Amino acid sequence: MSLPNREVFAARRAALLERMGPGVAVIPAAPVFVRNNDVEHSYRQDSDFYYLTGFDEPESVLVLTNQHAEHRVVLFVRPRDPEREVWDGARAGVEGAVEEFGADAAYPIAELQQHLPDYLGDAGRVHCAIGRGHPFDGELFEALHRVRRRARQGVITPAEIVDPGVALHAMRLVKGAEELAAMRAAAAVTAAAHRAGMRVAEPGRHEYEVQAELERVFRRGGAERSAYDSIVGSGPNATVLHYRTNRRRMEEGDLCLVDAGCELHYYASDVTRTFPVSGRFTAPQRILYELVLAAQEASIATCVPGKTLEDVHAASVDVLARGLLELGLVEGSLDEVLQEEKYKPFYMHRTSHWLGMDVHDVGGYFAEGAPIPLQPGVVLTVEPGLYVAPDAEVDARWRGIGNRIEDDVVVRAGGAPENLSVDVPKTVADVEAATQA
Ligand code: GLY
Ligand code: MN
Ligand code: MN
C-alpha cells in the first residue's frame, strides 16, 4: 500500500478552503501529554491536523486562509535543532515545512504570537475547535487579544469563531480511494491478529496472553499502534462492554470476547469476535451466538445508500428481540418488546459508529433532527451483541454469557456493502475450527 503523497494533502487543504468560504482555519497539532514524572505518553498526531498535512510532529499549528494576499497554507513548527535532534530524532524545521509539506510560509512555533495575529486580522471568521480542553485555546485567545489591540490601526477583529468540523468532518466522513486502501490494509492486519488470538486462547492461559498475541501481529504487520485499548474478556468478563483489565485466567467452557483493532498509517480498524476457549460452543452459548450473528448479517445487509444508522440498528434490534422472545428471555408481544425496549438489559448499546482515522470517527449522525442517509464511501462498524449478566433473573443456563460480533463495512454505490474484516472467522464452524487450529 502506498502512502498518500503531497498532492493528496494539498487537495484536501484546497477542498477545505473552498468549503469553509471566507475566513481562516487554525488547526493545532495534538498536545504532548505527560504520563508520569518526565515520561510522556507516546505521541499520536491529531487526526484533523494529519489529514490536512501528513505532518506528524508535535508543537505545530496549521493556518489555512482565504484572506491573505500571498499565503493560503501556513505552518508553525519546531525549528531544526541539532542538539535536540540527537535526543528526539529529525525535525522537518521551517524549511521542511515549506519544501516537503507544501506550506506557502512557515515560522518557528515560538513565533506564534508574533505572526498569528497577522493572519487573524480582518479575517472575519475563525474556524478553530475551541472548548475541548486543548491548551491551544489560550494561544488563540491571546492572538485574538493582540488583534483587538490593533483596532485603532484599522484592523478588525474576527467576529466569529466557528467549528472547523462542520466543513472538515463532512470531508473526513466520506473516504477517498487512498483512505479506503489504508482501511483495507489495517483490516487485513487486524484479521490476521484475530485469527492468531483464537489459536492462542485455551483453558489455563490468561486474557493478556491473547492480547499480547494480537498486538504482536499488529506490530509485525506494520501497524503503528492499537486503534484503542484491546478488550479481551473471558467468561463473565465478556458481559462487561469495555472490559480492559485482561488479567483473568481462562477456564474450560468459557467464551472469550476479543474487541481489538490496529491503527495502520493513521487509519483504524475495529473488530470483535467471540469464541469458545475450549474449541466448542456449549449449546446455550451457540444459541445466543447464532442469534447475534443473524442480527449482524441483517444489519450488514442494510448498509446501502439511502438507509440510515437508525435502520442498521433497527435491523439488529428486530432480530434480537424476536430471538429473545422465542428463547423466553423476554416476555410480551414483539411490539411491546420493541416499544418498551425490553431487550435493553441484554443489548444496551447502539449497533454502529463511523470508522476512519478515529475509531469513533468524526462526521455527523443527524442533520436537522433526522438521521443522515448512508452514502457511498462512508465506513461504519456493525456490532450487535447480547450480554446476560451473571446475576440476571433468567434461566440459569443463559447467565454470564456475553457475545458481540463486529465488522467494518464500506457503503458502496448501487450494491452490496464491502466487509473489510471478512477474513476473520465468523460462522460457528469457522470459529470453532480457528480456535482449534
Ligand atoms: N472498540 C470500541 C467499539 O467497538 O466501539
Ligand atoms: Mn470494537
Ligand atoms: Mn466499534
Checklist entry - Loop-only check: which GluC sites (Glu not before Pro) in the range 2-86 are DSSP coil with at most 10 other Cβ within 10 angstrom? => result 70
Next on the checklist: Taking the alpha-carbon distance from residue 342 and a cut-off under 14 Å, which aspartates and glutamates remain once sequence neighbours fewer than 8 residues away in the same chain are dropped?
Outcome noted: 318, 326, 331, 393
Item to check | Neighbourhood net charge (15 Å Cβ-Cβ; Lys/Arg +1, Asp/Glu -1) for residue 427 | outcome: -1
Item to check | Rounded to whole Å, sorted largest first: equivalent-ellipsoid semi-axes of the range 99-200, Cα gyration tensor | outcome: 42, 15, 15
Checklist entry - What residues have an amide H closer than 5 Å to that of residue 234, excluding those fewer than 5 places away on the same chain, when H is modeled at 1.01 Å from N in the peptide plane? => result 257
Next on the checklist: Test of understanding: express the Cα radius of gyration of the chain as a ratio to 2.2 N^0.38 Å, with N the residue count.
Outcome noted: 1.11
Checklist entry - How large is ³J(HN,Hα), in whole Hz, for each residue of the range 30-36 in order, when computed from phi with the Karplus curve 6.51 cos²θ - 1.76 cosθ + 1.60 and θ = phi - 60°, using x for Gly and Pro? => result 5, x, 8, 10, 6, 8, 6
Next on the checklist: Whole-Hz ³J(HN,Hα) for each residue in the range 413-425, computed from phi via Karplus 6.51 cos²θ - 1.76 cosθ + 1.60 with θ = phi - 60°, x for glycine and proline: what do you get?
Outcome noted: 5, x, x, 5, x, 9, 9, 5, 9, 5, 7, 8, x
Checklist entry - What trypsin sites (Lys or Arg not before Pro) in the range 205-269 are in a loop by DSSP, with at most 12 other Cβ atoms within 10 Å of the Cβ? => result 247
Checklist entry - What nm value, rounded to one decimal, do you get for the distance between residue 156 and residue 43 when each label is placed 7 Å out toward the C-beta? => result 3.9 nm
Next on the checklist: Once you keep just the Cα pairs under 8 angstrom separated by 6 or more residues, what percentage relative contact order results for the chain?
Outcome noted: 13 percent
Item to check | Relative contact order for the range 336-437, counting Cα pairs under 8 Å that sit 6 or more residues apart, in percent | outcome: 21 percent
Checklist outcome for this item: The lysines whose Cα lies under 19 Å from the Cα of residue 307, excluding any fewer than 8 residues away in the same chain, are 175
Next on the checklist: Could you compute the net charge surrounding residue 229? Neighbours are other residues with a C-beta less than 11 Å from the C-beta of residue 229; K and R count +1, D and E count -1.
Outcome noted: 0
Item to check | Residues listed by number, the range 232-253, amide nitrogen under 17 Å from residue 391 label point at 7 Å toward C-beta | outcome: 236-241
Item to check | Alpha carbon centroid spacing (whole Å) that separates the range 369-437 from the range 149-211 | outcome: 20 Å
Checklist entry - Relative to the Cα centre, what is the charge dipole magnitude of the chain, using +1 at the beta carbon of each Lys and Arg, -1 at the beta carbon of each Asp and Glu, and rounding to the nearest 20 debye? => result 260 debye
Next on the checklist: Quick query: amide H of residue 161 versus all other amide H atoms, modeled in the peptide plane; which residues come in under 5 Å with a sequence gap of 5 or more or a different chain?
Outcome noted: 126
Next on the checklist: List the residues, sorted by chain then number, that are 5 or more residues from residue 206 or on another chain and whose placed amide H is less than 5 Å from its amide H.
Outcome noted: 250
Item to check | chymotrypsin sites (Phe, Trp or Tyr not before Pro) restricted to the range 1-55 and DSSP loop, no more than 15 other C-beta within 10 Å | outcome: 33, 43
Checklist entry - What does the helix-only formula give at 222 nm for the chain: each DSSP H stretch with n ≥ 4 adding -39500 (n - 2.57), the total divided by the residues, and the result rounded to the nearest 500 deg cm²/dmol? => result -11500 deg cm²/dmol
Checklist entry - Each residue of the range 310-315 in turn: what ³J(HN,Hα) in whole Hz from Karplus with 6.51, -1.76, 1.60 and θ = phi - 60°, glycine and Pro shown as x? => result 5, 5, 4, 5, 4, 5
Checklist entry - On alpha-carbon atoms, Rg over Rh for the range 380-437 using Kirkwood Rh? => result 1.12
Next on the checklist: Could you tell me how far the Cα centroid of the range 228-269 sits from the Cα centroid of the range 66-92, in Å?
Outcome noted: 40 Å
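Throughout, read-outs are computed from the coordinates displayed, never taken from laboratory work. Remember, predicted model here, so these are calculated numbers, not experimental data. No Cβ is skipped: glycine too gets one built from the backbone with ideal geometry, and neighbour counts run over all protein chains shown.
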